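**Q** Before anything else, here's the structure in question.
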């Protein structure tokens, strides 16, 4: 099995181990030890300089063996990494293999076995120490079984959502929004209802759709159904439609005919990676009068950044605030802070989830202008 010119780096925080391995390997079967490293940074630097064939990396390197493996492969992608450890723990093995190691050896092997492992690694073979092979293969098998079940579930979800989309089984309902001081109806929020079988809450349908890449399509279908029903209704009120960042522009384009009577709600929980891109999409429709809201404010800290970055026309107080606001001083204080924050920026407040007269009275006292909830009116088909 002899070969020539196998360059090797030994990365181990134990000087004695580095010395012994170097003595066992250097000059045997064409192996040339080109560097010794006591930490990950040194190992990566030597790997970049030498573009070596094989790196022996200790799992317990300072900063982490996994990080060292990734650092070496980042600067020398052709290097074959052999992980070394004093442990036969399968989790340790899998961690190093996931990081990019092609082989895993448990320390204490004979010099002949170490040489053989290096030569085989250089030729592209993968080696697992006998002490861990069975456990690792069992873990991989379990992982594949779990992934198989997850794939089956994703397939069922896709079929279920695809059926709703293709057969247009989604139906819109509308929850009224009132001016709290006068009880005047000013608009509706469009919500979605799905087939009763299987019994899954509406929010779960959208979450499942997001998991399989169909959220934008489902949101557009919901917006189309709501806007068609609202056009047929023909009333003078406004309409609020929910959209995630990827769907904002498409939903706004569908409803731009409503002008200032259309409000697009961006959920607080929506992850926005590029605010400038989202703002560019919003700006295209603001000139048409379309208004925007940050939904679920108070449910988490992301809402504050959404407000600062998106410059909404409305902030919708989450029901987790409004439903206890009449008897919980902490929620009342937080709501008062959000209301003051919105006033400073010229943003209107809409309270969601109003379920009692006491909540309504408290919100009026706090100066909230608009609200919705079961106490004021449940989601239902539009009148007439």
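**Q** Taking the square root of 5 times each eigenvalue of the Cα gyration tensor, what semi-axes in Å does the equivalent ellipsoid of the stretch 255-384 have, largest first?
**A** 25, 19, 12
**Q** Based on other C-beta atoms within 10 Å, arrange 110, 103 from fewest to most.
**A** Ascending Cβ contact count within 10 Å gives the list 110, 103.
**Q** Another question, if that's okay. Stretched out fully, how many nm does the piece from residue 165 to residue 196 gain, at 0.36 nm a residue minus the Cα gap?
**A** 9.6 nm
**Q** Let me ask something else. Contact order normalised by length for the chain, with contacts defined as Cα pairs under 8 Å and 6 or more residues apart; what percent is it?
**A** For the chain, the relative contact order is 10 percent.
**Q** Shifting gears a bit: Per DSSP helix of 4 or more residues, -39500 (n - 2.57); summed, then divided by the residues of the chain. What does that give at 222 nm, rounded to the nearest 500?
**A** -15000 deg cm²/dmol
**Q** Something else now. Which of these values of Rg/Rh (Cα atoms, Kirkwood Rh) was calculated from the structure shown: (i) 0.99; (ii) 0.96; (iii) 1.20?
**A** Working out Rg/Rh (Cα atoms, Kirkwood Rh) from the coordinates points to (iii).
**Q** Mind pulling the per residue volume of the convex hull built on the Cα atoms of the stretch 307-384? Å³ is fine.
**A** Cα convex hull per residue, to the nearest whole number: 105 Å³.
**Q** Taking the Cα atoms of the stretch 6-137 alone, what are Rg (to one decimal) and Dmax (as a whole number) in Å?
**A** 12.9, 37
**Q** For 205, 257, which order do you get if you count the other beta carbons within 10 Å of each Cβ and list the fewest first?
**A** Ranked by crowding around the Cβ, least crowded first: 257, 205.
**Q** Counting other C-beta atoms within 10 Å, which of 279, 96 has the fewest, and how do the rest follow?
**A** Exposure proxy ranking, most exposed first: 279, 96.
**Q** Find the eigenvalues of the gyration tensor of the Cα atoms of the stretch 170-371, then list the square roots of 5 times those eigenvalues as equivalent ellipsoid semi-axes, largest first, in whole angstrom.
**A** Output for the stretch 170-371: semi-axes of 25, 19, 18 Å.
**Q** By per-residue mean of other Cβ atoms within 10 Å, what is the highest-first order of 36-46, 307-317, 354-364?
**A** Order by mean packing, descending: 307-317, 36-46, 354-364.
**Q** May I pose another question? Per residue, how much space in cubic angstrom lies within the convex hull of the C-alpha atoms of the stretch 22-94?
**A** Here the figure is 98 Å³ per residue.
FYI, it's all coordinate maths here, none of it is from the lab. These numbers come from a predicted model, not from an experiment. No Cβ is skipped: glycine too gets one built from the backbone with ideal geometry, and neighbour counts run over all protein chains shown.
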